[in-house]
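**Q** Let me begin by handing over the structure; questions about it come next.
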Amino acid sequence: MVTTVPFRRDTIASDLRTQITTGHLKPGERLPSELKLAAHYKVSTPTLRNALALLQTEGLIEKHHGKSNYIRRPLRRLTYTGGILTPTHPALHVTVRTTQLQAHGPLAILLKVPPGTPLTEFLQIVHEGEFPHSLARIYVPRDLISTEPRWCDHRPAEGWDKVTARLPTPEESSTLRIPLTLAVLAITRVSSDETGRVIEAAHLVLPGDRTDALFTINDTTEEEST
């Protein structure tokens with residue numbers, strides 16, 4: 001029988017994980033410096049950092065300003081269902097910033113418009129307190145906004161979603177303040193009106209440690225009459 005000896009990295013991560021889950025280390029508490037932790041566990045600093053990286057990936061600790069490590073507070077969950085992102089707690093709030101731009105490349109293809117078509121981009125960031133929680137970039141043809149001031153209240157006639165699990169880009173990591181090793185759900189959503197015109201295309205980035213995706217399947221098969 002072969003006995004597998006765990007790496008020191010995994011042993012350290014397991015010990016800290018236990019302290020966090022049992023409440024010995026509390027949310028918001030600052031960990032000792034990496035040098036002190038390395039000395040405590042009798043390992044090199046790179047080995048200690050590898051252990052901390054595992055816990056960062058699991059969403060248990062976070063690094064502030066690239067220096068100190070803190071026990072992460074429990075995160076509010078978001079649910080993505082039916083093309084809608086729903087904050088499940090009043091502590092979550094949304095900020096919106098608009099930018100005027102033109103359609104090019106993949107964006108023009110998604111919206112089915114000629115290159116150079118004027119668009120409005122809505123950058124929506126869900127926050128929990130001062131910390132970003134998720135982000136969405138929504139693109140709408142500018143002429144649609146000028147003719148339909150309340151286009152966002154209009155329910156699309158049809159649409160589709162493409163969901164991909166991947167690692168964040170450096171820009172997404174910086175905006176959401178998440179490690180580059182934390183997986184995200186990247187959702188591309190396209191909505192059309194009754195005429196088949198695409199009225200919006202959206203790119204959503206939802207960190208995997210705080211997101212639930214709900215998909216409902218309706219059986220439309222009709223029984224044959226006898």
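The values are calculated or read from the model by the stated rules, or taken from the named source; none is laboratory data. Just so we're clear, the structure is a prediction, and the values are computed from it rather than from any experiment. Ideal geometry is used to build each Cβ from the backbone, glycine not excepted, and the neighbour counts take in all protein chains shown.
**Q** Looking only at residues that are within 24 Å of the chain's Cα centre (by Cα) and polar (S, T, N, Q) in region 101-144, which one is farthest from residue 163 (Cα to Cα)?
**A** It comes out as 120.
**Q** Scan region 22-34 and report the pairs whose first residue is under 15 Å from residue 59 (Cα atoms) and whose second residue is exposed (fewer than 12 other Cβ atoms within 10 Å of the Cβ), with Cβ atoms within less than 8 Å and a gap of 6+ or a chain change.
**A** Filtered contacts from region 22-34: 27/74.
**Q** If you don't mind, another one. Tell me which strands (runs of 3 or more DSSP E) are completely within region 152-207 and hold 2 or more residues being closer than 20 Å to residue 96 by Cβ and among the polar types (S, T, N, Q), or say none if there are none. Give the steps one after another, and end with the answer.
**A** Values: elements: 158-166, 184-192, 198-207.
Of the strands (runs of 3 or more DSSP E) lying wholly inside region 152-207, those with at least 2 residues that are closer than 20 Å to residue 96 by Cβ and among the polar types (S, T, N, Q) span 184-192.
**Q** Return only the number of the condition from (1) in contact with a helix residue (DSSP H, G or I) (Cβ under 8 Å, 6 or more places away or on another chain); (2) modelled with pLDDT of 90 or more; (3) more than 21 Å from residue 113 (Cα to Cα) that residue 182 does not satisfy.
**A** Here residue 182 clears every test but (2).
**Q** Out of all the residues in region 69-76, is one or more surrounded by fewer than 13 Cβ atoms within 10 Å (Cβ to Cβ) and part of a loop (DSSP other than H, G, I, E, B)? First the steps, then the outcome.
**A** First pass over region 69-76, keeping only residues surrounded by fewer than 13 Cβ atoms within 10 Å (Cβ to Cβ): 74.
Restricting the remaining residues to those that are part of a loop (DSSP other than H, G, I, E, B) gives 74.
Yes, there is a match, as at least one residue in region 69-76 is surrounded by fewer than 13 Cβ atoms within 10 Å (Cβ to Cβ) and part of a loop (DSSP other than H, G, I, E, B).
**Q** Which residue out of 144, 135, 119 is in a helix (DSSP H, G or I) and either touching a helix residue (DSSP H, G or I) at 6+ places or on another chain (Cβ under 7 Å) or within 12 Å of residue 202 (Cα to Cα) (or both)? Outline the logic, then answer.
**A** Numbers: 135 fails: in a helix (DSSP H, G or I); 119 fails: in a helix (DSSP H, G or I).
Testing whether each residue is in a helix (DSSP H, G or I) and either touching a helix residue (DSSP H, G or I) at 6+ places or on another chain (Cβ under 7 Å) or within 12 Å of residue 202 (Cα to Cα) (or both) leaves just 144.
**Q** Those residues that are of a type outside the set (Gly, Ala, Ser), at pLDDT 90 or above and either closer than 21 Å to residue 182 by Cβ or not in a helix (DSSP H, G or I) (or both), I need them from region 1-17; list them, please.
**A** Hits for region 1-17 are 9, 10, 12, 16, 17.
**Q** For residues in region 48-68 being crowded, with 16+ Cβ neighbours inside 10 Å and of a type in the set (S, T, N, Q), which is modelled with the highest pLDDT?
**A** Of everything passing the filter in region 48-68, 50 is modelled with the highest pLDDT.
**Q** Next question. State yes or no: is residue 39 assigned to a helix (DSSP H, G or I) and over 26 Å from residue 167 (Cα atoms)? Even if it seems obvious, please write down each step before you answer.
**A** On the way: assigned to a helix (DSSP H, G or I): yes; over 26 Å from residue 167 (Cα atoms): yes.
Spelling it out, residue 39 is indeed assigned to a helix (DSSP H, G or I) and over 26 Å from residue 167 (Cα atoms).
**Q** Only one residue in 101, 85, 25 is of a type outside the set (Val, Ile, Thr), modelled with pLDDT under 90 and either outside any helix (DSSP H, G or I) or within 30 Å of residue 141 (Cβ to Cβ) (or both), so which one is that? Spell out the reasoning first.
**A** Numbers: 101 fails: modelled with pLDDT under 90; 25 fails: modelled with pLDDT under 90.
Answer to the check: 85.
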